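Below: the structure, in structure tokens.
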Amino acid sequence: MTFPRTLAIDFETANERRDSPCAVGLAWIEGGRVVRRESRLIRPAEMRFSPGNIRVHGIRPRDVAGAPSFPEAMAPYLAEIAGSLVLAHNASFDVGVLAATLQAYGLPQPAYASLCTVQLARRHWPGEGGQGQGTYRLSALAARIGVTFRHHDAGEDAYACAEIALAVMREAGAPDIASLAKGHGLLRERAGEGGRAPDGIAARALRGVAPSRTRAPLLHFVVRGSTGTPYDVRLIEGRDGPRLRCSCAGARFRPDCRHVRALANGEIDALLSDNPGDVAALAGLLRMMG
């Protein structure tokens, strides 16, 4: 089994919900080494940060106030994830964050294969279990193979995860990580969806299904105010169906503020976010709902 690329991914979340990522890190593997590393902060749809999560990763609401939303942050990477072998340390968590957040935003799920490096380490170093489950922590395994990194930094964690898989590959004498994972029976196929998630906000809006209590935005825009201040305009679920909500002060007194009216009319002169195509989608959705 071959894949066009192999990469490691790591998410940090704002709270206990899987659909609350506040950071993502990725590390690409080619030719038996890490060749590229990237990380981004993410502004969660719900800016609720649990103290326990902050203690783990140190990310606070003020750190992500100006960060891109999940669709914007992940846009460059989703096409690379599709069809690839994706590594993660405790993959059920990171794969779960990806799937849950794509679903919350009504975005299509890519098809790919995943490999959990915790499971890989347990298969390759089975005797370590006698020393306690903590032996398979990311930090413990990184120390074992001589990799130094900053734990709970998403980019650093993805890098450490990639290096652990590479170390096992070299020790096992495997030609590549995909062959190693297949030999251990650890490849997990993740089936994709060609369209929006069936219970995403877009699908519910178009079907006329009653909105749920989740407030994740279907569409998100950043617009420039008259003084240059950026404002967020989101299409969210209201009691009577999807509606636009702006973060400007005027929207507290008049929800149909000028930023909302401009986007509803298809105007993009003040658009700061790189998604003019979504403005057209918004107009089409509003026509259908009207």
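The values are calculated or read from the model by the stated rules, or taken from the named source; none is laboratory data. None of these values were measured; they are calculated from a predicted model. Cβ atoms come from the backbone with ideal geometry, glycine included; neighbour counts cover every protein chain shown. The accessibility values were calculated without ligands, DNA or RNA, using every heavy atom of the protein model including side chains. Shrake-Rupley method; radii C 1.70, N 1.55, O 1.52, S 1.80 Å.
Considered as a group, the residues in the range 54-89 that are part of a loop (DSSP other than H, G, I, E, B) and aliphatic (A, V, I, L, M) include one that is nearest to residue 164 (Cα to Cα), and that residue is 82. Among the residues of the range 1-46, the ones that are over 26 Å from residue 66 (Cα atoms) and either part of a loop (DSSP other than H, G, I, E, B) or of a type outside the set (A, V, I, L, M, F, W, C) (or both) come to 10 in all. Cβ-Cβ contacts under 9 Å between residues 6 or more apart (or on different chains), taken from a first residue in the range 30-51 that is without any contact (Cβ under 8 Å) to a residue 24 or more places away in the chain to a second residue that is among the small types (Gly, Ala, Ser), are listed as 35/27; 36/27. In a residue-by-residue description of the range 63-80, the property of being open to solvent by less than 30 Å² (accessible area, probe 1.4 Å), under 24 Å from residue 3 (Cα atoms) and over 15 Å from the mean Cα position of the chain (by Cα) applies to no position. Restricted to helices (runs of 4 or more DSSP H) entirely inside the range 111-185, those with at least 3 residues that are over 19 Å from residue 2 (Cβ atoms) and open to solvent by less than 30 Å² (accessible area, probe 1.4 Å) are 117-124, 138-145, 154-172. If you go through the range 90-105 and keep only what is open to solvent by less than 30 Å² (accessible area, probe 1.4 Å) and either assigned to a loop (DSSP other than H, G, I, E, B) or under 22 Å from residue 138 (Cα atoms) (or both), you end up with 91, 94, 95, 96, 97, 98, 105.
Residue count for the range 231-243 satisfying the condition of being in a strand (DSSP E or B) and modelled with pLDDT under 85: 6. When the range 14-27 is filtered for residues that are open to solvent by 10 Å² or more (accessible area, probe 1.4 Å) and either within 14 Å of the chain's Cα centre (by Cα) or among the hydrophobic types (A, V, I, L, M, F, W, C) (or both), the ones remaining, listed by number, are 17, 18, 19. All conditions but one from (1) within 26 Å of residue 179 (Cβ to Cβ); (2) buried (at least 17 other Cβ atoms within 10 Å of the Cβ); (3) of a type in the set (Lys, Arg) apply to residue 40; the one that does not is (1).
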